[in-house]
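**Q** A single structure is presented below for examination.
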Amino acid sequence: SHPPLCPLGIKCGGVLSAPSGNFSSPNFPGLYPYETECMWLIVVAEGSSVLLSFSHFELEYHDACAYDYLQVYNGAARDQGNLLGTFCGHSPPPPFSSAWHVMAVVFRSDRHVAKHGFAAAYRKDACGGQLTGLSGEITSPRYPESYPNDAECRWSIGGAGGGGPLTLVFADFQMEGGQGCGFDYVALFDGPTVAAPRLGRYCGSARPPRTVSSTPHLLIIFKSDFNIGGRGFKAHFYSAGECQEVFTTIKGNFSSPQYPNFYPNNLKCQWSIQLPPGYKIKVFFLDVELEGRSSLTGGCDYDHLSAFDGGTENGSLLGRWCGRESLAPITSRSNRLLLVLHTDRNTAKRGFSISYVGVVPMNVSCTRTDFHIQIPVQSLAQLERNRIYLGTPSCTAQVVGRNFKIHTRFDTCGTESQRRNNTSVIISTLYIDFSVGGQEDIHQYEVQCEPKRKEASVTLIAGPDPSRLSQAENLVDAQQREGEAMDAHEIKSQDTSDIVFISICILAGLLMVIAVVGLVLL
């Protein structure tokens, strides 16, 4: 339960709906009261944004701002995914520009040490400001209507704690042109100020190229002169480190931004897995907790994770997930896979942790007596042939032309006979050792043959990093142990009942013998 918004007689917080305004901590510029909690909700016209700035700031200091603090939310408060920052001490928060028309500010004081507090101002449709989210959208003033003359806006992006480079993509761009872009223009700088290296200066109607900073900061300046305008621009930015990654290694793992803490709202993140031709990609969902399904449609309409075959969102949809689910692994049909996380404006959750492994392209066949395995050398170009073996390290692959080949009889190389679905099959394990240095990394495939039909199959049985899977495996082990304990209990009780039954039988037998002997003696 939350403490009351304010102590008796102290007026603070409320809804601010004017196009611009000011607010401050209770009693400002005097000392604020103890045990106070205030919330201001700034709501301007839909389609507008809010620029928030602080002219004075002095709160009790603590390393983690655990005593007195001020929080700024990009939208309605209390949603961790919208939190732009928590502040205390003497350093004022930077100017904040909201991603939409609602912004919230929460002030809280404890029962000790009061300071002078803060004074803040806001205005709608101001351009520029500090943007600290992992992803977001910026537009020129009045977009998509014509931007005003004599405008100058500065957006400073960065400081979200991600620390990775930033990517900026223009979705729309139409401004006054001109030689050297001397009239209206957008300029990009690789850092927080104009002293940083310039990444580009753009005007006209050609969309600027996708831009990636080399630092965790990006400065965008928009300037218009006294006449001739245009529609302006719309651009998206995201932190490349946590929200946009490309994987080319045979196996890997990744998670949603800030996992296992709540992911931010208003994200579109992409993870692209690109392996050599012939490979397929198997994805293991180690942990998934997203916002749940829509109660109206039953679909994943809010936050969701999608997987696309072929590496683009135009590819075949392999799945779309939300809520808290235990998901079976999925396997791509090609050597490229794209995972996309969409989050909306509210209700953030823990997110996900994912591991993947490349399924090596191979051709497995069998006769009534032999296994034949063939793998293109180019698929395992960096490996020596002794890193590929069936059953035991003595059964290594040979290089024949452009392929690694293993041709072996069923009575060698650790093969064993089993019955599956009332059919006799021959089983062995193919090992591919990708280990580098002291880091062991051995992938295992179960190779199976049904000799009567001469039908062979191969299945990936190990690959993901065991340390990442251990949590999921431990859960399974615990469930199995519970089941085994239950089975053992049943067997035990069955054994006890058997002993009782046998004891009764023996006793009855003894009594019968005594009765017979008694009759004979009589």
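**Q** Per residue, how large is the accessible surface of the range 105-224? Use a 1.4 angstrom probe and give square angstrom.
**A** The answer is 43 Å² per residue.
**Q** Report, to one decimal in Å, the Kirkwood hydrodynamic radius for the range 39-96 based on all distinct Cα pairs. Intermediate values should be presented prior to the final figure.
**A** Details: mean 1/r = 0.0795 Å⁻¹.
Value: 12.6 Å, from the Cα pair sum.
**Q** To continue, here is another question. Could you sort the peptides 223-236, 258-271 by per-residue average Cβ neighbour count (10 Å cutoff), highest mean leading?
**A** Descending packing order for the listed peptides: 258-271, 223-236.
**Q** Continuing with this model, one more query. P(r) of the range 13-125 in 10 Å steps, Cα pairs, percent per bin?
**A** P(r) for the range 13-125, in whole percents per bin: 16, 50, 30, 5, 0.
**Q** What percent does the relative contact order of the range 347-471 come to when contacts are Cα pairs within less than 8 Å and at least six residues apart? Don't jump to the answer; show the numbers that get you there.
**A** Details: 230 pairs, mean separation 28.6, N = 125.
Worked out over the range 347-471, it gives 23 percent.
**Q** Roughly speaking, to the nearest percent, how much of the range 363-465's 1.4 Å accessible area is carbon and sulfur?
**A** C and S atoms contribute 42 percent here.
**Q** Which ³J(HN,Hα) values in Hz, rounded to whole numbers, follow from the phi angles of the range 442-453 under the Karplus curve 6.51 cos²θ - 1.76 cosθ + 1.60, where θ = phi - 60° and Gly and Pro get x?
**A** 10, 8, 10, 10, 7, 9, 10, 9, 9, x, 4, 8
**Q** If you don't mind, there's one more thing I want to ask. Could you work out the relative contact order of the range 13-125, using alpha carbon pairs under 8 angstrom and six or more residues apart, expressed as a whole percent? Mind showing how you got there, number by number?
**A** Details: 298 pairs, mean separation 49.7, N = 113.
Reported relative contact order: 44 percent.
**Q** Taking N as the number of residues in the range 363-465, what is its alpha-carbon radius of gyration divided by 2.2 N^0.38 Å?
**A** Values: Rg = 13.8 Å, N = 103, 2.2 N^0.38 = 12.8 Å.
Output field value: 1.08.
**Q** I'd like the carbon and sulfur percentage of the solvent accessible area for the range 13-125, probe radius 1.4 Å, heavy atoms only, ligands and nucleic acids excluded.
**A** Here it works out to 51 percent.
The values are calculated or read from the model by the stated rules, or taken from the named source; none is laboratory data. Here the structure is a predicted model, which means the values were calculated and not measured. With ideal geometry, Cβ positions are generated from the backbone for all residues, glycine too; neighbour counts draw on all protein chains shown. Calculation scope for accessible area: heavy atoms of the full protein, side chains included, ligands and nucleic acids excluded. Shrake-Rupley method; radii C 1.70, N 1.55, O 1.52, S 1.80 Å.
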